[in-house]
Structures are given as C-alpha cells and as structure tokens.
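The block underneath contains the structure these notes are about, expressed in structure tokens.
The values are calculated or read from the model by the stated rules, or taken from the named source; none is laboratory data. None of these values were measured; they are calculated from a predicted model. Please note: Cβ atoms are built from the backbone with ideal geometry, for glycine as well, and neighbour counts cover all protein chains shown. With ligands, DNA and RNA removed, areas are computed over all heavy atoms of the protein, side chains included. Shrake-Rupley method; radii C 1.70, N 1.55, O 1.52, S 1.80 Å.
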Amino acid sequence: MKVIKRDGSSVDYDPSKIRIAINKANANVKEEDRVSETQIKNIIKYIESLRKRRMLVEDIQDIIEQKLMSINKFALAKEYITYRYTRALVRKSNTTDESILSLIKNSNKDVMEENSNKNAYIASTQRDLIAGEVSKDLTKRILLPEKIVEAHEKGVLHFHDMDYFLQPIFNCCLINIGDMLDNGTVMHGKLIETPKSFQVACTVTTQIIAAVASSQYGGQSVEIKHLGKYLHKSYIKFKKQIEKKYKKELTKEQIEGLAEERLKDELASGVQTIQYQINTLMTTNGQSPFVTLFLNLEKGDPYIKENAMIIEEILKQRYQGIKNEAGVYVTPAFPKLVYVLDEHNCLKGGKYDYLTKLAVKCSSKRLYPDYISAKKMRENYEGNVFSPMGCRSFLSPWKDKDGNYKFEGRFNQGVVSINLPQIAIVAEQDEEKFWQLFDERLELCKEALMCRHHALLGTQSDVSPIHWQYGAIARLDKHEKIDELLKNGYSTLSLGYIGLYEVTKLMTGVSHTNQEHGGTDFAVKVMKHMREKCDEWKKETGLGFALYGTPAESLCYRFACVDQEQFGTIEDVTDKGYYTNSYHVDVREEIDAFSKLSFESQFQTFSSGGAISYVEIPNMQHNLEAMEELVKFIYDNIQYAEFNTKSDYCHVCGFDGEIIINDDLEWECPNCHNKDKNKMNVTRRTCGYLGENFWNVGKTKEIKDRVLHL
C-alpha cells in the first residue's frame with residue numbers, strides 16, 4: 001500500500017508510524033485511558049484489512065480516531081486529535097525544509113529532473129528551484145482553493161507551473177520583435193535604438209530574448225521575417241561604402257558582387273550570433289532561453305529575398321550544430337525551429353523548394369525544424385498563418401480596433417489539463433455517469449483557469465518593463481495595470497488534455513482509430529465537447545479560453561502513475577506506465593506515417609489552442625526521399641507535424657546512434673561509456689517521454705525491458 005502525504009508525494013505504508021503516533025498520545029493520558037499493545041495491533045490490522053493500494057494520510061488518521069472512540073478511549077482520542085492538530089500547525093508554518101535541503105544536497109530527483117533545460121547542480125539554477133519550491137508550498141496551502149489542490153493531487157486535473165504561480169508572471173508569448181526593432185526598446189534603463197545593420201539587429205534580438213525569458217516561465221517565439229529589412233540595410237551600407245571607395249575603378253556589377261560577398265559574411269556572423277548567444281546566455285531562472293524561431297516566407301513581403309537568405313543560413317548552421325566542450329558538433333536544444341510550408345516551397349516545383357529540401361536534410365540529422373502547413377492553418381485560423389508560442393500553444397485570432405488581425409505581442413496566461421482516462425475509470429462504462437462526471441471536472445478546470453486569470457489581474461507594468469512598457473507585449477505607462485490585455489480574448493487560457501486513446505478504449509473497448517466499432521465517433525464527441533466548453537466559457541466571461549492539444553510529455557507519466565496507484569493495473573491503460581499525449585495514436589498501434597497524420601489531423605481542428613503530431617522514421621539521414629514525401633503530405637493534410645527518431649547523441653565523444661541502458665538501469669554511451677545524463681541527448685519521444693523522467697516509475701527489469709521495447 002502507498003500512503004499519499006499532504007504534499008501529494010507517496011511513500012510506502014509503514015505500520016510503525018501508526019504505533020509511534022498512538023504511543024505519543026498514550027504517554028500524555030492517565031494509565032486507565034491508555035490503549036494496550038494488542039489494541040494498537042487491532043487498529044493496524046483493521047487498516048491493513050481494507051487492502052487498499054492507495055490511502056490518504058488523513059483517511060488513516062480518521063480511522064484511528066474512530067477506533068479509539070469505539071473502544072471508549074475518549075481522553076486518548078482527544079489527545080490524539082490534539083497531537084494531530086499540533087502537527088498540522090507545524091506543517092502549516094513550514095513545509096519546504098526537506099525539499100529545499102534535498103535540492104542543495106542534489107538528492108531531490110523529482111525537482112532536479114523536472115526541466116531538462118536546467119542544470120540543477122549550478123548554484124544560480126538552485127536559487128530558482130528553491131524559489132519554485134516555496135511557490136508550490138504557498139500555492140497549495142494558501143493561494144489556491146482546497147478543492148483545486150485536492151483535484152491536482154488526485155490526478156483529476158493538473159495545475160501547471162505551481163512553482164511560478166506565486167508571482168504575477170505568465171506562461172508563454174509571441175514577442176512583438178518587429179515593433180521593438182523598428183521603434184527601439186529599453187533594457188536595464190538603457191535605450192536601444194533601431195539597428196542600422198543585420199549584425200546589430202541579431203545581437204539586439206538575442207538580448208531581447210534573454211530579457212523576456214527572465215520574466216516569464218514559458219517559451220517565446222520570434223518571427224525571422226522582421227530581420228529581412230536589416231539584412232537589406234547592411235547590403236545598402238556595404239554597397240555605398242564600396243562605391244565611395246572604388247566607384248572609378250570598378251563596374252556596377254563588380255561593386256554589387258563585392259557588396260554581396262560582404263553581405264554573406266555578415267549574414268553568417270549574424271545567424272551565428274543568434275545561435276551561440278541563445279545557447280550560452282543564462283537567464284535569471286538558471287537556464288537557456290526557451291525560444292522558437294518561426295521560419296516563414298510571406299508572399300508579397302518586400303524583403304522575401306533577404307528572408308530566404310536568412311532561413312537558408314539558419315538551416316545550414318543548425319545542420320552543422322554547435323561544438324561542445326570536447327570540440328564535437330552536437331545538436332543544440334535551442335532555438336527550436338518551425339518551418340512554414342506554402343505554395344512556393346511545398347516541393348511541388350515552387351521557387352523556394354530548395355529551402356524545404358535543406359529543411360528536411362536538417363530535420364534528418366537534428367530533429368528540427370518542425371513543419372506548419374500554411375494551407376491547413378489558413379483553413380483553421382480565419383486565413384492567418386502565425387507562429388506557435390515556444391511551448392507549441394497557439395493563440396486564437398484577435399482583431400484590433402481597426403479590424404486588423406494581431407498575433408505578435410500576445411501571450412498565454414496559463415494552462416490546466418484534464419485527465420480523461422480517470423473519468424472513464426470512475427464511470428465504469430456507464431455513459432450517463434461519464435458525461436456527468438466529465439462536465440463536473442471541466443467546470444473544476446474552468447475554476448482553476450480562472451485562478452490563473454485572477455492572479456494576474458491588477459498586475460502593474462513595472463513587474464516586467466521589457467514585456468509591458470518597452471514593446472515585447474505592449475507599451476504601457478509606468479504603474480499602469482495590464483488588465484485590458486487579460487480580457488476580450490487578447491490573451492489565452494489553455495485547457496490541456498491527456499489520454500484520448502485510453503478514455504476511448506475504456507468506454508468503447510476499442511482504440512480511437514477504430515471507426516467500425518465506434519471508437520473514432522466517441523473520440524470526436526469527447527473532443528467536440530471540450531472545444532464547445534471552451535467556446536462557452538469564452539462567451540460567458542469574455543476571456544480567451546482555448547483547447548490545447550500538447551500540454552506536457554511528463555504529464556502522460558504523472559496521470560498514469562497516479563491512476564495506477566489509485567485504481568490498480570488496468571490492461572492497456574495503467575499497465576503501460578504512461579498515457580498517450582492528447583489525441584495521438586498509441587505508439588503500439590501498427591499504422592503507417594501517412595495514415596497517422598491523416599487520422600490525427602481531424603483532432604487538430606478542435607485543438608485551436610495548440611496541436612502537433614509526429615511520426616517516427618528510423619535512420620532518418622538515409623530516408624530523405626521518404627521524408628520529402630511526408631513533407632508534401634503534411635502541406636496538404638495536417639496543420640503541424642514533426643519527425644522523430646530513436647537516434648541519440650553523446651556530447652562527450654560525438655557518438656550518434658542509440659544510447660544503451662546498462663545493467664544498473666543507467667543511460668550509457670556504447671562508444672565512450674559516458675553515464676552523465678547531462679552530457680547526453682537521449683531522445684525517446686515516441687511515447688511522449690524524454691529520458692530520465694521515465695525512471696520515476698521504478699527501477700525494475702520489467703520497466704527496463706519496456707523502455708527498450710519502446
């Protein structure tokens with residue numbers, strides 16, 4: 001049996017703790033009011049006879065009180081209640097000592113491995129993690145309603161990012177980089193004027209990215225198209241300099257040729273600045289900026305030629321990689337790349353097909369870029385094409401007072417995710433009960449999301465000048481409240497979901513891919529219901545609720561783990577150790593890549609707040625033709641997709657193959673035998689898990705074999 005503590009963690013059941021607690025109360029009453037050892041044993045036997053896999057510590061204490069009262073030990077029961085109340089007061093006054101000290105001692109694995117982008121051994125990162133533990137503690141004890149906390153602990157829902165909820169900061173955003181470059185910005189009280197060259201524009205962009213990352217907890221995205229005009233500025237500058245010096249000696253063609261040569265050098269240096277600055281800068285929360293670059297060539301853009309050059313250079317440098325401390329070229333974690341497929345580059349004879357071929361080559365080695373179909377996105381977003389935020393969530397279309405669509409300079413207030421399989425487990429195939437419980441839990445999610453909204457109301461622009469005063473989001477006055485940016489759909493509140501496959505399997509007996517026996521119809525009904533609820537909430541409150549199809553890979557594990565402890569092993573549901581992410585096809589189903597993308601595309605239209613699908617391709621560097629065919633298919637059939645593989649990478653020796661799991665259940669490079677997970681890039685995205693997170697299930701051979709199989 002597992003005992004669930006008040007902080008949500010689980011420990012093995014230990015009867016000695018019951019005996020100790022009762023004996024402490026025994027010592028404070030008269031001898032005739034005490035219970036004997038036999039009576040204590042009987043209480044323990046009763047608790048064990050319930051044969052529960054999972055019990056809350058409060059439930060155990062309630063049973064002890066009831067048993068003491070039933071044998072007329074009222075004085076002892078009173079003493080025990082007093083003891084329990086005193087302990088509760090101690091907990092209320094301080095609940096973070098243990099978790100913080102374990103962080104300092106590098107033994108708090110859950111927190112240390114929660115974010116793969118943070119090195120928890122570094123002092124500056126530890127400061128952020130310590131602050132996060134304090135925030136989680138205060139959030140659970142004081143800031144959130146008790147029923148929301150209880151629902152979070154029981155896996156009914158997941159209240160994301162409690163470690164930042166204490167502060168008035170939001171999740172993720174699309175930086176209004178065009179406005180900041182064109183009209184200048186301010187950082188640390190210093191004016192940054194509009195750049196005069198591409199190199200300076202790239203430097204300023206990375207400075208903005210770092211400043212933004214330090215005052216929010218989610219990802220950010222930057223549209224590269226805004227850099228095209230600055231590359232053109234550099235060309236004009238170089239041309240004028242050469243004309244001034246060599247006009248009488250060189251022809252017009254020679255001058256232009258020399259200017260273009262200098263421009264190529266500046267282009268390479270500027271892109272290298274972006275790549276190296278992002279990967280070497282450290283934000284105030286102890287990590288590299290979580291940033292996505294949006295690579296989109298817009299028809300009619302006056303600087304489309306320059307932007308094509310920039311995208312080409314970004315892809316070339318990403319394909320090459322960045323050298324690690326051993327001098328080996330490795331795949332950098334950031335920036336993420338998202339490449340837009342449109343009529344002119346969808347590998348159907350378009351002018352920019354060469355860029356898409358380079359993008360596919362880059363994906364084959366470095367896993368990025370991801371791909372967005374401009375064709376499908378226009379169908380889903382009122383004719384618009386825009387970047388996902390760094391966390392892959394999308395904004396709903398929004399128009400300003402002049403009727404113009406706006407996406408850059410907007411943000412996500414926060415995310416709450418619902419555990420779909422647990423609803424079906426409790427409903428036990430009773431459809432009426434399922435839909436009733438579904439609605440109850442959706443209302444709880446709405447209430448939790450409103451907590452996100454209310455926590456930001458009243459925030460003054462001074463809390464993050466780079467966001468609110470100097471252009472990243474807005475240009476508000478000092479001390480002005482941000483409230484108007486939280487309302488009327490300007491920013492979003494995301495409802496995430498996990499386990500569409502499992503909930504369908506539990507309720508219908510078949511996968512959501514099974515159209516013949518009603519699996520697909522049921523899954524579509526579930527998705528439609530969540531989307532309608534978000535639209536209903538939006539109409540009711542005026543806030544930008546959106547359904548979010550990619551909430552978190554690690555949440556797939558957490559929900560499955562909680563449900564297995566609470567409800568036991570359920571075949572093809574909790575026995576796997578994970579739930580499928582959002583609407584995705586279960587990894588064990590035999591389905592070809594084209595069919596998978598085609599099937600999943602119908603669910604992306606419901607998930608207006610974000611959705612991505614993936615296909616796994618073995619030996620990607622030797623399957624470029626197949627990948628190109630898939631890219632063509634993506635353009636015509638699905639809005640957002642990526643390629644995955646089982647290829648891993650060792651940053652110590654440069655091994656590019658599959659990292660093994662040794663007999664001690666550790667990742668190990670088969671070439672140099674490096675075991676330091678911080679020096680490996682272990683990719684296991686097939687089932688929605690990344691590296692070490694999987695091992696929290698338990699270090700057993702069964703788990704090891706399962707991971708190797710996946």
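Below is a table of values for the structure above.
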read-out: Condition broken by Lys357, with the remaining ones in (1) within 22 Å of Phe290 (Cα to Cα); (2) surrounded by fewer than 19 Cβ atoms within 10 Å (Cβ to Cβ) satisfied; value: (1)
read-out: Hits in region 201-255 (condition: in contact (Cβ under 8 Å) with a residue 40 or more places away in the chain and small (Gly, Ala, Ser)); value: Ala201, Ala210, Ala211, Ala213, Ser214, Ser215, Gly218, Gly219, Ser221, Gly228
read-out: Lone qualifier among Thr605, Thr580 - being of a type in the set (Ser, Thr, Tyr) and open to solvent by 50 Å² or more (accessible area, probe 1.4 Å); value: Thr605
read-out: Flag for Leu506 being assigned to a strand (DSSP E or B), over 24 Å from Glu642 (Cα atoms) and in contact with a helix residue (DSSP H, G or I) (Cβ under 8 Å, 6 or more places away or on another chain); value: no
read-out: Condition broken by Ala75, with the remaining ones in (1) open to solvent by 30 Å² or more (accessible area, probe 1.4 Å); (2) over 18 Å from Lys5 (Cβ atoms); (3) in a loop (DSSP other than H, G, I, E, B) satisfied; value: (3)
read-out: Candidates Cys556, Cys534 - the one that is open to solvent by less than 20 Å² (accessible area, probe 1.4 Å), on the phi < 0 side of the Ramachandran plot and either at pLDDT 95 or above or among the polar types (S, T, N, Q) (or both); value: Cys534
read-out: Test: Phe294 is among the hydrophobic types (A, V, I, L, M, F, W, C) and open to solvent by 50 Å² or more (accessible area, probe 1.4 Å); value: no
read-out: Selection count where residues are modelled with pLDDT under 90 and of a type in the set (Asp, Glu), scope region 36-61; value: 2
read-out: Subset of region 612-630 (residues that are farther than 15 Å from Asp592 by Cα, at pLDDT 90 or above and more than 26 Å from the chain's Cα centre (by Cα)); value: Glu628
read-out: When residues of region 176-185 are limited to those that are under 29 Å from the mean Cα position of the chain (by Cα) and not in a helix (DSSP H, G or I), the one nearest to Pro388 (Cα to Cα); value: Asn176
read-out: Complete set of residues in region 223-268 that are more than 16 Å from Glu312 (Cα to Cα), among the aliphatic types (A, V, I, L, M) and open to solvent by 30 Å² or more (accessible area, probe 1.4 Å); value: Ile236, Leu250, Leu258
read-out: Count of residues meeting criterion [part of a loop (DSSP other than H, G, I, E, B) and free of Cβ contacts under 8 Å to residues at least 40 places away in the same chain] in region 157-166; value: 1
read-out: Residues satisfying the stated conditions in region 394-433, i.e. open to solvent by 40 Å² or more (accessible area, probe 1.4 Å), under 23 Å from Gln469 (Cβ atoms) and among the aromatic types (Phe, Trp, Tyr); value: Trp398
read-out: Answer residue from region 202-235, given it is in a helix (DSSP H, G or I) and hydroxyl-bearing (Ser, Thr, Tyr) and is nearest to Glu256 (Cα to Cα) among those; value: Tyr235
read-out: So Phe545, is it over 21 Å from Phe434 (Cα atoms), open to solvent by less than 60 Å² (accessible area, probe 1.4 Å), aromatic (Phe, Trp, Tyr) and touching a residue at least 60 places away in the same chain (Cβ under 8 Å); value: yes
read-out: Residue in region 353-370 that is more than 20 Å from Gly219 (Cβ to Cβ) and among the polar types (S, T, N, Q) present; value: yes
read-out: All positions within region 449-464 that are open to solvent by 50 Å² or more (accessible area, probe 1.4 Å), assigned to a helix (DSSP H, G or I) and touching a residue at least 24 places away in the same chain (Cβ under 8 Å); value: Val463
read-out: Check on Gln436, assigned to a loop (DSSP other than H, G, I, E, B) and either within 30 Å of Thr508 (Cα to Cα) or open to solvent by less than 30 Å² (accessible area, probe 1.4 Å) (or both); value: no
read-out: Subset of region 482-520 [charged (D, E, K, R) and without any contact (Cβ under 8 Å) to a residue 24 or more places away in the chain]; value: Glu484, Glu516
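This table checks each residue for (1) touching a residue at least 12 places away in the same chain (Cβ under 8 Å); (2) open to solvent by less than 40 Å² (accessible area, probe 1.4 Å); (3) not hydrophobic (A, V, I, L, M, F, W, C).
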| site | (1), (2), (3) |
| --- | --- |
| Asn307 | yes, yes, yes |
| Glu312 | yes, no, yes |
| Lys316 | yes, no, yes |
| Tyr319 | yes, no, yes |
| Val328 | yes, yes, no |
| Val338 | yes, yes, no |
| Glu343 | yes, no, yes |
| Leu347 | yes, yes, no |
